[in-house]
1. For the chain, give the magnitude of the charge dipole about the Cα centre (Cβ charges: +1 Lys/Arg, -1 Asp/Glu; no others), in debye to the nearest 20.
2. Could you pull the Cα extents of the range 268-340 along its three principal axes, largest to smallest, in whole Å?
3. State whether the range 13-130 is rounded, prolate or oblate according to the following rule on the C-alpha gyration tensor (a ≥ b ≥ c being the square roots of its eigenvalues): a/c under 1.5 gives rounded; otherwise a/b larger than b/c gives prolate, and the remaining case gives oblate.
4. Sequence gap at least 6, Cα distance under 8 Å: using those rules, report the relative contact order of the range 128-197 to the nearest whole percent.
5. Could you point to the residue in LEU251, ILE122, GLN204 farthest towards the positive end of the range 117-312's charge dipole, with +1 and -1 charges on the Cβ of Lys/Arg and Asp/Glu respectively?
6. Report, to the nearest 10°, how far helix 315-332 tilts away from the longest principal axis of the Cα atoms in the chain, using its own Cα long axis and a range of 0 to 90°.
7. Using only alpha carbon pairs under 8 Å that are at least six residues apart, calculate the relative contact order of the chain and give it in whole percent.
8. For the chain, modelled as a GNM with alpha-carbon contacts under 10 angstrom, which of THR90, THR110, THR301 fluctuates the most?
Amino acid sequence: MATMRVLSAADIQKVFTITDALEAVEEAYRQKAEGAGVAWPMVYEAFEEGVSDMDIRSGRLAASGVFGLKLTAWFSENPAKGMPEIFGTTLICDDTTGAPLALLNASAITGLRTGAAAALGIKWLARKDASRLLVAGAGHMSTFMVAASLVACPSITHVEVWDPKRADAPVERVEQMRETVAALLAAAGVDRAFELVAVGDGEQAAGAADAIVTITPATAPIIKRDWVRPGTHVSCVGADMPGKQELESALVAAARLYVDDRAQSVASGELEVPVSEGAISPEDIVAELGEVIAGKAAGRTSDDEITVFDTSGIAVQDLASSKIAYGRALEAGLGTVTEL
Ligand SMILES: NC(=O)c1ccc[n+]([C@@H]2O[C@H](COP(=O)([O-])OP(=O)(O)OC[C@H]3O[C@@H](n4cnc5c(N)ncnc54)[C@H](O)[C@@H]3O)[C@@H](O)[C@H]2O)c1
């Protein structure tokens, strides 16, 4: 007989913060580099091309005592039915017995763990004096990119947000983001001064930035090679499926390249298109970020290099985050316990 805890988004939001996500993802990357964590190949199925699909990202974090999976289902016609477009569900199991431990609403964790990944790219690879961040993309995920970067990188004081799909600056959206970012920081007990402004000229903003995060579903480059000055770091996050691309291949070819998972980055991340075009080869990847965190590979080696970190999203981020949320929920008596 086994029991399992079911955790809603509301349960998770009470116990899991942006600071927790940063610690979880850094630890997950480290375990992956040290052989205690593994991301198994993603399973992807399109039910109807461009209309509905699902992916399963799975893996194991032995040092955290869990294995499991996150299933994300996208049904674009759902909003017309009054339902969310995306459902995300994470299952974590005990690594010593196989027993299911918890089923979690993944949406409460995905934004935080994805922002954490982008921010860890900046923390470990940007110049230490990086103060100007450009976030390219002003949708749901962009808020988490800003909040996590502010927490992980104390040198960042000025953040610009650009929406490549709009000709004007996304002023109203950035006002909403300011409130949500402040709430995310407050929930984590972080008191942090920052400027957050909307911009309409991506080229100019990219040229002035020390760090850039790209977070769009673009299938053609939104950041060009010539826009980016020496010494800039770019964390690219939006490309998580074959065919997506945010950086011009020439920019990828000019950069010192880091990824969250070598195989996935080439199969379905930002490096897929540049590799298929012959602009780079998989051997050009310097390291997985976890190898830098674990001290097994070098990060930036000069203030003039352009560095790129591609995070296409791996299960160990979700497993480490879910394990923390589950442990806290257990202590607080949150969630619904069910016998299987
Ligand atoms: N790597 C990961 O771990 C991970 C995790 C979650 C989401 N994602 C990806 O991040 C991306 C953004 O997610 P979101 O929830 O913020 O999306 P969203 O739809 O809420 O926002 C998308 C933003 O990009 C802009 N945009 C839309 N189409 C564009 C295009 N063709 N070119 C340039 N800009 C465009 C929109 O105007 C908006 O500002 C998606 O591709 C999503 O799949 C990646």
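Since every read-out is calculated from the coordinates, none of them should be taken as a lab result. This structure is a prediction, so every number in the text was calculated from the model and none was measured. Note: ideal-geometry Cβ built from the backbone for every residue, glycine included; neighbour counts use all protein chains shown.
1. On the way: 28 positive and 47 negative charges, 136 e Å.
Charge dipole, the chain, about its Cα centre: 660 debye, nearest 20.
2. For the range 268-340, the Cα spread along each principal axis is 53, 28, 18 Å.
3. Values: a/c = 1.80, a/b = 1.30, b/c = 1.39.
Judged from the Cα gyration tensor, the range 13-130 comes out oblate (a/c at least 1.5, b/c at or above a/b).
4. Details: 87 pairs, mean separation 26.6, N = 70.
So the answer I get is 38 percent.
5. ILE122
6. It is inclined by approximately 50 degrees.
7. On the way: 810 pairs, mean separation 78.8, N = 340.
Reported relative contact order: 23 percent.
8. Result for the chain, Cα springs under 10 Å: THR301 fluctuates most.
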